[in-house]
Amino acid sequence: MRYVRYDVLYTYVLSRIQYWTAQAQMDERVLLTQLLQAGDKERNNAVKKQSTELKKAEKRKAEVDRLFAKMYEDWSAERITEYNFNMLSQKYQREQQELTETIERLKAELAVEQKTASNAEKWIELIQQYSNPTELTAELLNTLIEKIVVHEAVKFSDGIREQEIEIFYRFVGKID
């Protein structure tokens with residue numbers, strides 16, 4: 001069951017926002033460090049993988065460009081037939097196009113990952129605008145929160161019901 005009572009959700013979300021506003025008011029630098037470390041391991045692994053993939057793609061593209069130039073020289077010196085030249089030319093052009101698209105995609109993904117620090121700073125600026133909120137307003141929720149995920153409740157044998165609620169904040173994601 002993914003139902004949670006309104007008053008419980010309201011109280012939980014308000015308390016989390018109050019916690020983060022208090023943290024932002026106390027020491028902005030400590031909060032920034034905490035936000036950046038929240039996803040560092042996962043983010044670093046993704047960046048490392050993307051960087052490796054980018055280097056491989058760039059190296060292969062340079063190699064294909066070199067092979068294409070050599071193939072043209074072989075064709076003009078009549079060391080290969082025109083049929084073979086056309087066949088290899090199509091193959092290398094297709095691979096060049098795929099590699100170019102891959103390189104552009106990886107560079108864009110790496111740029112997004114590098115924006116994380118500036119996103120954390122933006123979020124801190126936003127949350128500082130709301131010093132110790134006493135109620136949740138539509139403006140507050142829309143400004144600070146991207147989404148709230150309510151998980152299925154788990155009922156234990158002693159009758160206690162436990163339910164996980166995840167809050168994903170704008171710019172920084174899940175930080176709790």
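The values are calculated or read from the model by the stated rules, or taken from the named source; none is laboratory data. What you are looking at is a predicted structure, and each value in this text was computed from that prediction instead of being measured. A quick note on method: Cβ atoms are made from the backbone with ideal geometry, for glycine too, and the neighbour counts reach across all protein chains shown. When the accessible area is computed, the model is the full protein with side chains, heavy atoms only, and any ligands, DNA or RNA have been set aside. Shrake-Rupley method; radii C 1.70, N 1.55, O 1.52, S 1.80 Å.
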Cut-off 10 angstrom, C-alpha nodes, Gaussian network model of the chain. Which of R105, R161, R29 fluctuates the most? R161
Quick one: which residues, 5+ away or cross-chain, put their amide H under 5 Å from the amide H of I145? H built at 1.01 Å from N. R170
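Ordering E28, E139 by how much accessible area each has at a 1.4 Å probe, largest first, what is the list? Could you put the intermediate results ahead of the total?
Numbers: E28 95, E139 120 Å².
Largest to smallest exposure gives the sequence E139, E28.
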Give me the one-decimal nm value for the distance between modelled label points at A69 and E146, 7 Å along each residue's Cα-to-Cβ direction. 4.3
Chymotrypsin sites (Phe, Trp or Tyr not before Pro), restricted to the range 114-168: which are DSSP loop and have at most 10 other Cβ atoms within 10 Å? F156
I want to check the label-to-label distance for T11 and Q96. Put each point 7 Å from Cα in the C-beta direction and report it in nm to one decimal. 6.7
The Rg/Rh figure for the range 1-83, Cα atoms and Kirkwood Rh, to two decimals is 1.50
Nearest-10 value in Å² for the accessible area of E104, using the 1.4 Å probe: 120
Where does the range 117-176 land on the Kirkwood hydrodynamic radius, alpha-carbon pairs, in angstrom? 13.4
Mean projection of the alpha-carbon convex hull of the range 50-140 over all orientations, in nm²? 9.2
Inter-label distance for F168 and M87, nm, one decimal - labels placed 7 Å from Cα along Cα-to-Cβ: 4.9
Kirkwood hydrodynamic radius of the chain, from inverse mean 1/r over distinct Cα pairs, in Å: 20.8
